[in-house]
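Asker: First, the structure itself, so that you have it in front of you.
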Amino acid sequence: MTRPRLLPVQAFTLPETSRHYLRPADGGKQAQLMNYADVAPLLADVDWELHPGPLAPQGDSYVETREEFAIVGAARLPIVREACESGRYDAIVMLGGGDPGVTEAREIGQRYNVPVTGCAHAQMHLATMLGNKFSGADEIYGLWLSGNQLWGGGKFGEVFKAPDWNTPQFTITSSNVLSGSGGTTNGDFWLAGYGSNPGLFHYTASGLDASIPTTVNMNGVWRYEPTNEVWGAGSAGAVIHIRSDGGIERPDAGRGIYWLGVWGSSDTDVWLVGDDSGS
């Protein structure tokens, strides 16, 4: 019996010099395939290869805007067409969150009678087989409490409030929301924005009422409610301190450090966590 021939296609591959590179720059397909240990039993009886996808057409970082999402999708289509024309594969799996280019790739596959699917497409297909209702939270990067409410932020600057993870409550101008910090009051918190138009943003029940733009990505934010002071941390050593009187300080906490998060126990005891491999 002939074993099925499968081609997973990565969304894209960052340059090997990129500081955002998560997978090994070399090694076999098992090392290159994220979460391989989880899917290895499913691939045991399949002949498969792994295509690295196009060299990141959006630049030396991850997808941060809808425009970049579309650019990545378009860059994968020639790979799908070439694979279908080769006659070497029985099916193609498009890897990557959000399924960039999957709808168009499926159209190409139909011409050659080669099934094409993607992560989200397959997940939703299975969900509809298991029940008549389902919901999903696509790439929620951070969760925080504000009073007795649970909030979350993710890509495209969208901010959600539980239990509705399908419809954003509002959107900030940054590409992504990485974290938030609230307090005892419902709907009163600060956000850290990453990507285009980065910065710190303050939200209240009346809506967004303050924003502090930055020139670098902000990865973490922490609010000390008793004195209403706020700390933000980001790339290139960026640290922002919003005092209780509204004044803003930008202490020098290490220019070459990529700060990932901030937390404290009081207004005079604040901790940062970061990566000193570059800015």
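Asker: When segment 196-217 is examined, which residues are found to be over 21 Å from Lys161 (Cβ atoms) and touching a Gly at 6+ places or on another chain (Cβ under 8 Å)?
Answerer: Hits for segment 196-217 are Pro198, Gly199, Ile212, Pro213, Thr214, Val216, Asn217.
Asker: Given the criterion in the same structural domain as Gly207 (by TED's automatic domain parsing) and of a type outside the set (Gly, Ala, Ser), identify the matching residue among Thr103, Thr185, Thr117.
Answerer: Values: Thr103 fails: in the same structural domain as Gly207 (by TED's automatic domain parsing); Thr117 fails: in the same structural domain as Gly207 (by TED's automatic domain parsing).
Exactly one residue qualifies, and that residue is Thr185.
Asker: Further question on the same structure: Among the listed residues Ala120, Ala105, which satisfies the condition of being in contact with a helix residue (DSSP H, G or I) (Cβ under 8 Å, 6 or more places away or on another chain) and at pLDDT below 90?
Answerer: Only one candidate passes the filter, namely Ala120.
Asker: Something else now. Give segment 240-255 a look and list any residue that's outside any loop (DSSP other than H, G, I, E, B) and surrounded by fewer than 21 Cβ atoms within 10 Å (Cβ to Cβ), or say none.
Answerer: His241, Ile248, Glu249
Asker: Same structure again: Look at Gly97 and say whether it is of a type in the set (Gly, Ala, Ser), over 24 Å from the mean Cα position of the chain (by Cα) and not assigned by TED's automatic domain parsing to the domain that holds Asn176.
Answerer: Values: of a type in the set (Gly, Ala, Ser): yes; over 24 Å from the mean Cα position of the chain (by Cα): no; not assigned by TED's automatic domain parsing to the domain that holds Asn176: yes.
Considered against the rule, which asks whether it is of a type in the set (Gly, Ala, Ser), over 24 Å from the mean Cα position of the chain (by Cα) and not assigned by TED's automatic domain parsing to the domain that holds Asn176, Gly97 comes out as no.
Asker: Here's a follow-up. Can you confirm whether Gly157 is under 30 Å from Gly261 (Cβ atoms), in contact with a strand residue (DSSP E or B) (Cβ under 8 Å, 6 or more places away or on another chain), not β-branched (Val, Ile, Thr) and not assigned by TED's automatic domain parsing to the domain that holds Val216?
Answerer: Numbers: under 30 Å from Gly261 (Cβ atoms): yes; in contact with a strand residue (DSSP E or B) (Cβ under 8 Å, 6 or more places away or on another chain): yes; not β-branched (Val, Ile, Thr): yes; not assigned by TED's automatic domain parsing to the domain that holds Val216: no.
Against the criterion (under 30 Å from Gly261 (Cβ atoms), in contact with a strand residue (DSSP E or B) (Cβ under 8 Å, 6 or more places away or on another chain), not β-branched (Val, Ile, Thr) and not assigned by TED's automatic domain parsing to the domain that holds Val216), Gly157 does not qualify.
Asker: Which residues, counting only those in segment 177-196, are within 16 Å of the chain's Cα centre (by Cα) and over 11 Å from Leu143 (Cα atoms)?
Answerer: Ala192, Gly193, Tyr194, Gly195, Ser196
Asker: Determine whether Gly28 is surrounded by fewer than 12 Cβ atoms within 10 Å (Cβ to Cβ), modelled with pLDDT of 95 or more, out of contact with any Gly (no Cβ under 8 Å at 6 or more places or on another chain) and not assigned by TED's automatic domain parsing to the domain that holds Ala236.
Answerer: Against the criterion (surrounded by fewer than 12 Cβ atoms within 10 Å (Cβ to Cβ), modelled with pLDDT of 95 or more, out of contact with any Gly (no Cβ under 8 Å at 6 or more places or on another chain) and not assigned by TED's automatic domain parsing to the domain that holds Ala236), Gly28 does not qualify.
Asker: Scan Asp90, Asp60 and give me the residue that is among the acidic types (Asp, Glu), farther than 27 Å from Trp165 by Cβ and within 17 Å of the chain's Cα centre (by Cα).
Answerer: Unique residue meeting the criteria: Asp60.
Asker: Looking at Gly109, Gly142, can you tell me which residue is surrounded by 18 or more Cβ atoms within 10 Å (Cβ to Cβ), within 17 Å of the chain's Cα centre (by Cα) and not in a loop (DSSP other than H, G, I, E, B)?
Answerer: Working: Gly109 fails: within 17 Å of the chain's Cα centre (by Cα).
Sole residue among the options that is surrounded by 18 or more Cβ atoms within 10 Å (Cβ to Cβ), within 17 Å of the chain's Cα centre (by Cα) and not in a loop (DSSP other than H, G, I, E, B): Gly142.
Asker: Name the one entry in Val39, Val93, Val46, Val72 that is touching a Lys or Arg at 6+ places or on another chain (Cβ under 7 Å), among the aliphatic types (A, V, I, L, M), over 29 Å from Asp276 (Cβ atoms) and surrounded by 12 or more Cβ atoms within 10 Å (Cβ to Cβ).
Answerer: Val46
Asker: Still on this structure, please answer the following. Name the single residue that is surrounded by the fewest Cβ atoms within 10 Å (Cβ to Cβ) among those in segment 163-217 being assigned to a loop (DSSP other than H, G, I, E, B) and hydrophobic (A, V, I, L, M, F, W, C).
Answerer: Taking segment 163-217 and keeping what is assigned to a loop (DSSP other than H, G, I, E, B), we get 163, 165-169, 172-175, 182-188, 195-198, 205-206, 214-217.
Narrowing the set further to residues that are hydrophobic (A, V, I, L, M, F, W, C) leaves 165, 172, 205, 216.
Details: Trp165: 16, Ile172: 20, Ala205: 10, Val216: 16.
Going through the qualifying residues, I end up with Ala205.
Asker: Evaluate the following for Glu64: is it in the same structural domain as Gly109 (by TED's automatic domain parsing) and surrounded by 12 or more Cβ atoms within 10 Å (Cβ to Cβ)?
Answerer: Spelling it out, Glu64 is indeed in the same structural domain as Gly109 (by TED's automatic domain parsing) and surrounded by 12 or more Cβ atoms within 10 Å (Cβ to Cβ).
The values are calculated or read from the model by the stated rules, or taken from the named source; none is laboratory data. Quick caveat: nothing in here was measured; it's all calculated off a predicted structure. Methodologically, a virtual Cβ is constructed for each residue, glycine included, from the backbone with ideal geometry; neighbour enumeration extends over all protein chains shown.
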